[in-house]
Amino acid sequence: MPLVPPYIESLRPYEAGRSIEEVQREFGISRVAKLASNENPLGASPCALRAIENNLTKLNLYPNGGLALRQVLAREYDVKVENVIAGSGSEGIMSNIIRTFLCDEDEVLTTEAAFIGFQVLAKSRGVSYRTAPYKDWHYDLPALAKLINERTKIIYLANPNNPTGTIFTRHEFDEFYKHVPERVLIILDEAYFEYAKDNARYPDSMHYRYDNVITLRTFSKIYGLAGVRIGYGFAHDTLIANLLKVKLPFEPSTLAQAAGIAALSDKEFLHRSLELNARGIRFLTDSLRELGFAVAPSEANIVMVDLIDEDRATQMTRTLMEQGVIVRPLKSFGLPRCIRISTGTDEDNERCVGAIQKIANASAVTTGATRS
Ligand SMILES: Cc1ncc(COP(=O)(O)O)c(C=O)c1O
């Protein structure tokens with residue numbers, strides 16, 4: 001037996017986007033717009049920052065495994081504490097789900113080019129991993145339902161989805177759910193739920209609960225806390241009880257938990273972040289479509305642009321970086337001809353569109369018809 005299992009050997013490590021400092025150094029530019037990692041351009045919730053400061057004197061003590069945050073979330077969502085889990089980001093919880101429920105012979109199903117964090121976690125477990133292609137950049141839930149077999153253990157659905165930004169509707173999900181056996185666990189990843197929740201077509205999974213669905217949410221996006229690593233999940237007591245056996249006993253950290261609790265009460269920051277994002281999505285989508293680019297319809301804080309050709313996507317990413325705009329090429333996700341742009345400040349969004357316009361004018365980089 002080799003030391004490193006073949007499914008780990010063949011795994012490509014997660015590639016984080018380029019940092020602002022790297023790009024400043026490499027291209028000698030002072031002003032860089034980082035629109036690559038779906039972060040909140042307003043920074044972190046001020047309430048969360050105060051809570052972090054207030055907890056600095058408690059760092060000699062072990063944290064309580066997320067209990068305080070679980071209690072707050074249970075009250076807020078009118079569920080039992082036994083239905084809630086907190087962890088080091090929603091990816092931390094995803095990692096625990098994979099460790100808790102998957103056996104060697106099980107199979108994971110999801111969409112083509114799913115959120116890269118999930119792809120890496122699932123593939124690192126060495127189980128069978130199958131996908132259904134997108135349909136117009138949306139999950140094709142009927143096609144996914146057809147892939148379910150007796151080995152299927154976990155189905156991963158992100159709604160809104162990363163990298164496309166698209167959603168599936170309540171009706172689509174309910175239809176799909178009819179085909180899912182009770183023994184199959186659905187991970188409903190709602191990392192971007194706050195951005196989509198006011199859309200009447202969006203199914204907020206906390207408005208209805210199924211026993212084999214685990215909902216995952218995060219403070220990394222709208223609350224601007226990606227750097228402290230805090231996320232949470234809701235599920236049936238039995239699922240949570242088993243996850244708690246596997247979770248590291250002291251995650252999330254004291255500061256992460258305090259930040260999460262405080263962020264939940266920061267409605268002003270939430271509101272401001274939503275307004276900025278809605279403006280950004282409208283501006284980026286409309287401007288890029290006017291320039292002739294195919295842009296997927298987004299309900300998150302990202303827009304995905306299909307450049308039709310891998311070389312164009314690579315070239316666009318590189319040239320934008322030279323002009324101080326960092327976007328995310330999607331080759332590692334499995335979409336080499338696409339790029340993803342996160343919303344930034346109004347100024348950064350304008351800078352990004354201006355730079356793309358310049359590139360398009362210079363190289364006549366255009367695409368086919370705009371998808372809607
Ligand atoms: C769909 C999706 N799920 C989960 C995450 C990770 O969230 P967290 O920072 O809470 O681990 C991301 C981050 O980009 C994401 O896009």
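Rule-based calculations on the coordinates, nothing more; no lab input. Since the model is a prediction, treat every value here as computed from it, not as a measurement. Cβ coordinates were reconstructed from backbone atoms using ideal geometry, including for glycine residues, and neighbour counts include every protein chain displayed.
Remarks
- For segment 1-120, the Kirkwood radius over C-alpha pairs fed into Stokes-Einstein at 25 °C and 0.890 mPa s yields D = 128 µm² per second.
- Amide N of segment 252-276 lying under 19 Å from the label point, which is placed 7 angstrom from the Cα of Met206 along Cα→Cβ: 252, 257-275
- Highest to lowest packing among 213-221, 95-103, 162-170, scored as the average C-beta count within 10 Å: 213-221, 162-170, 95-103
- His179 versus Glu9: modelled label distance in nm, points set 7 Å from Cα along the beta carbon direction: 3.6 nm
- When DSSP beta bridges are restricted to pairs lying wholly in the chain, around 50% turn out antiparallel.
- Two-site FRET efficiency, Ser124 against Ser37, from Cβ-Cβ distance with R₀ of 22 Å, rounded to 0.05: 0.55
- Charge tally in the Cβ shell below 11 Å around Leu147, where Lys, Arg are +1 and Asp, Glu are -1, Leu147 excluded: +1
- Shown is the FRET efficiency for Glu26 and Arg279, computed with R0 = 41 Å from the Cβ-Cβ distance and rounded to the nearest 0.05: 0.85.
- Inter-centroid distance (Cα atoms) of segment 1-74 relative to segment 146-173, Å: 26 Å
- Counted charge near Val184, where neighbours are those whose Cβ lies closer than 15 Å (Asp, Glu -1; Lys, Arg +1): 0
- Here, segment 205-315 has an Rg and a Dmax of 18.8, 52 Å when only alpha carbons are counted.
- Charging the Cβ of each Asp and Glu at -1 and of each Lys and Arg at +1, and nothing else, the dipole of segment 99-179 about its Cα centre rounds to 180 debye.
- From its DSSP helices (H runs of at least four residues, each -39,500 (n - 2.57)), the chain gives a residue-normalised ellipticity at 222 nm of -12000 deg cm²/dmol.
- Principal axis extents of the C-alpha atoms in the chain (largest first, rounded to whole Å): 58, 52, 50.
- Computed magnitude of the charge dipole of segment 249-337 (debye, nearest 20; Cβ of K, R +1, Cβ of D, E -1): 60 debye
- Positive-end residue of Ala68, Cys338, Ser128, charge dipole of the chain with Cβ unit charges: Ala68
- Residue-wise HN-Hα coupling along segment 297-313, computed from phi with Karplus coefficients 6.51, -1.76, 1.60 (Hz; x: Gly, Pro): x, 9, 10, 10, 10, 9, 10, 9, 10, 9, 8, 6, 9, 4, 4, 5, 5
- All aspartates and glutamates inside 19 Å of Lys123 as judged from Cα atoms, apart from same-chain residues fewer than 8 positions distant: Glu9, Glu15, Glu91, Asp104, Glu105, Asp106, Glu107, Glu112, Asp189
- For the pair Asn361 and Ser19, label points projected 7 Å from Cα toward Cβ lie 3.5 nm apart.
- Among Leu59, Thr319, Tyr14 the positive-end extreme of the charge dipole of the chain (Cβ point charges): Leu59
- The chain: relative contact order in percent, alpha carbon pairs under 8 Å with at least 6 residues between: 24 percent
- Summed side-chain charge close to Asp237 - residues other than Asp237 whose Cβ falls under 11 Å, Lys, Arg +1, Asp, Glu -1: -1
- For segment 141-233, Kirkwood radius (reciprocal of mean inverse C-alpha pair distance, Å): 14.0 Å
- A Cβ-based charge dipole, computed about the Cα centre of the chain with Lys and Arg at +1 and Asp and Glu at -1, lands at about 340 debye.
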